[in-house]
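Asker: If you scroll down you'll find the structure; I have some questions about it.
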Amino acid sequence: MNVEGTDQHQISPPGGNSQGPSFSPDGKWVAFTSYYPKFTEELGCEIYILRVDGTDLRRLTNNDYCDYQPRWGP
């Protein structure tokens, strides 16, 4: 969205219950937890990143337990 709050749009995958976003230090990426595409699985939450324009979605984790609240480090 723009600074004044206009032009809002979703960049995370639809239907994935995405949460806990964290912007990269350079402002080009967002890390977040999502159940996408495993939204029917109780322990299906994984960590993803994508560019702030909503492109280049990448899953970083893939295991049998939930991964929560990713944060960027120096």
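The values are calculated or read from the model by the stated rules, or taken from the named source; none is laboratory data. For clarity, every value in this text was computed on a predicted model and none was experimentally measured. In this analysis, Cβ positions are derived from the backbone assuming ideal geometry, glycine residues included, and neighbour counts consider all displayed protein chains. The accessibility values were calculated without ligands, DNA or RNA, using every heavy atom of the protein model including side chains. Shrake-Rupley method; radii C 1.70, N 1.55, O 1.52, S 1.80 Å.
Asker: Look at residue 70 and say whether it is touching a strand residue (DSSP E or B) at 6+ places or on another chain (Cβ under 6 Å), assigned to a loop (DSSP other than H, G, I, E, B), open to solvent by less than 100 Å² (accessible area, probe 1.4 Å) and of a type outside the set (S, T, N, Q). Before the answer, list the steps.
Answerer: Working: touching a strand residue (DSSP E or B) at 6+ places or on another chain (Cβ under 6 Å): yes; assigned to a loop (DSSP other than H, G, I, E, B): yes; open to solvent by less than 100 Å² (accessible area, probe 1.4 Å): yes; of a type outside the set (S, T, N, Q): yes.
It is true that residue 70 is touching a strand residue (DSSP E or B) at 6+ places or on another chain (Cβ under 6 Å), assigned to a loop (DSSP other than H, G, I, E, B), open to solvent by less than 100 Å² (accessible area, probe 1.4 Å) and of a type outside the set (S, T, N, Q).
Asker: Taking only pairs six or more apart or across chains, which ones have beta-carbon atoms under 9 Å, a first residue in the stretch 56-74 that is of a type in the set (Ser, Thr, Tyr), and a second residue that is in a loop (DSSP other than H, G, I, E, B) and modelled with pLDDT of 90 or more?
Answerer: Pairs that qualify, where the first residue is of a type in the set (Ser, Thr, Tyr) and the partner is in a loop (DSSP other than H, G, I, E, B) and modelled with pLDDT of 90 or more, are 61/70.
Asker: Can you say whether residue 51 is surrounded by 13 or more Cβ atoms within 10 Å (Cβ to Cβ) and either touching a Phe, Trp or Tyr at 6+ places or on another chain (Cβ under 8 Å) or of a type outside the set (Asp, Glu) (or both), as far as the supplied structure shows? Show your work before the answer.
Answerer: Details: surrounded by 13 or more Cβ atoms within 10 Å (Cβ to Cβ): yes; either touching a Phe, Trp or Tyr at 6+ places or on another chain (Cβ under 8 Å) or of a type outside the set (Asp, Glu) (or both): yes.
When the stated conditions are applied, residue 51 passes them.
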